[in-house]
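Here is the structure we will look at, set down as structure tokens.
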Amino acid sequence: MVFSSYLFLFYFLPVALAVYYLLSRAGNRVLNYSLIFFGYLFYGWANPKFIFLMAATTVVDWLASVVIAHGTWRLWKVWRAPVGELERGGERNRVQRWAIVLSVVSNLASLGFFKYFNFGVDSYNALVGALGWPEGQWDSVFRVVLPLGISFYTFQSLSYTIDVYRGDAKAMKHFGDFSCFVSMYPHLVAGPILQFSFLAEQLEGRRLTMDKFARGVAMFALGMGKKVLLANPCGKVADTVFEAAGPGVVDAWYGVTAYAFQIYFDFSGYSDMAIGLGLMLGFVFAKNFDGPYRSGSLTEFWRRWHISLSGWLRDYLYVPLGGNRRGEVRTYVNLMVVMLLGGLWHGASANFVIWGGIHGGGLAVERWAGKRGWAGMGPVVVRRVVTFLVVCVAWVFFRAVDFGSALRYLGSLCGMGREEGSVLIGGLIWQRYYWVSFAVAAVVVWGMPQSWDLTRRITWGKFLWIAAVFLAAVAMLFAQSYNPFIYFIF
């Protein structure tokens, strides 16, 4: 189930909100149980089998956190004892260390199996085939289906046990509160990746107000507009060009820029809808996008793009690796390792690793150059243009189906495409609806305030045009058959 669907808009959301507000006087714990119910219903709608995987992850991490908090496996002896917050940086006993290891290994093993089993089999078969040993290939009919959102809820659940172990958060004694954190449908399948320490107090106590609800509705409406009115038409252009045999140079740049717009409006729109839904439920989530294509360097880009993932990688990977505390060379290595793993997190493909490598290499070069950006101390406009071009080149590897396709597309960007069927391609992508949508997307990217800022104060004039955007998006849902969501595959 996706937010931009008839099922969610006209059936699931009205019922879920009605039940939630009818129970509002019963207390936060009852509200949390209602969120658990609707979260599992939302997640299991496409494939009910996967709810057992999410439930297992939740149980293991919650038990691990309680063991860490009490410092013993014998929980029946301390069950009624208060759960305290551990001292930051303090010593941990063997039981606590084994508990955090269990949590980390179980989460990463689950993520690794479901995301990389097929990739591992295919890579092994390709390797032994290239070595001239075809009989050594594994001809298995067993293929693993990737559960929706596993990368997001795994990282969120894992952040909880790590925060408890570090002493950055207090373990939750009530399983229902933690289960609500993992299964809450606004952020369940595509983020933002909420760190537990950020949301802990809100799980135990939050206020439902009209101001929050009104802002939440506005955020959701703008996110829907981004997704349906801008991401979808730009995505259609990108798909057409990337699937062409050899687009011309103008069409190739049009296609990769359209993809840059698609993935931004697709994901930032979904994040806006998630933040809006959270506000409707009384939760305040953090901003996840902040005009990333206005960045003058890759360092700035990663402070603005998918902020929750950037923060997670910084706090739970970059800093534990040593960050910038162990000398310049180690800092460059850490940046590269983090971005390579970030690329691999997106999918089991060499292209994702290359995409991460481009960004990791760029971040290392910028740090070496003093974080001044690709154009040094040049004008802001130049730095922004150069950064956007580098990001677009990296997006080629992110979007292309394989390495060979990416290289051919890069050739087209340089004017070396075969331009086969260029007239037909042009007739498909240069239609008025597509180029007008593309132009509007460009204006929004570089000329409009962020949804987060627009919705801080809702005036009547702002309400009317936001309502018009939402109604246009809903109407377009009935006319469009093309409504993919990119980050569902991650």
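Only the coordinates and a few stated rules stand behind these numbers; no lab work does. If you're wondering where the values come from, they're calculated on a predicted model, not measured in any experiment. Cβ sites come from the backbone with ideal geometry, for glycine too, and all protein chains shown count toward neighbours.
For the pair LYS462 and TYR6, the difference between a 0.36 nm per residue extended length and the Cα-Cα distance amounts to 161.6 nm. Net length available on complete extension from VAL393 to ARG326 is 21.0 nm, with 0.36 nm assigned per residue and the Cα-Cα distance removed. Counting only whole DSSP H helices of the chain, the ones at least 20 Å long by C-alpha along their axis and with mean Kyte-Doolittle hydropathy no lower than 1.0 are 50-70, 380-399, 432-447, 460-479.
Given segment 203-360, what count of lysine pairs have C-alpha atoms under 18 Å apart, with each pair 8 or more places apart or on different chains?
Lysine pair count for segment 203-360: 5.
If you sort the three axes of the alpha carbon gyration tensor as a ≥ b ≥ c, you get a/c of 1.5 or more for segment 384-476 and a/b above b/c, which makes it prolate. Taken about its Cα centre, the chain carries a charge dipole of roughly 1400 debye when the Cβ of each Lys and Arg holds +1 and the Cβ of each Asp and Glu holds -1. Length gained on full extension, ARG94 to ASP122, computed as 0.36 nm times the residue gap minus the Cα-Cα distance: 6.1 nm. With the highest mean first, a sort of the peptides 26-37, 469-480, 247-258 on other beta-carbon atoms found within 10 angstrom per residue produces 247-258, 26-37, 469-480.
For TRP430 and ALA479, a Förster radius of 25 Å and the Cβ-Cβ distance give a FRET efficiency of 0.80, rounded to the nearest 0.05. Can you list the lysines whose alpha carbon is less than 25 Å from that of LYS115, not counting same-chain residues fewer than 8 positions off? Cross-link targets: LYS49. From least to most packed, judged by other beta carbons within 10 angstrom and beginning with the fewest, CYS180, CYS414, CYS234 follow the order CYS414, CYS180, CYS234. The largest-to-smallest principal axis extents of the Cα set in segment 268-364 are 46, 29, 28 Å. Extending 7 Å from Cα along the Cβ direction at VAL250 and again at VAL333 yields two label points whose distance is 5.0 nm.
Take the chain and mark each of the GluC sites (Glu not before Pro) that is in a DSSP loop with at most 10 other Cβ atoms within 10 Å; the longest unmarked stretch, sites excluded, is 92-490. The Cα-based radius of gyration and maximum Cα-Cα distance (Dmax) for the chain are 23.6, 76 Å.
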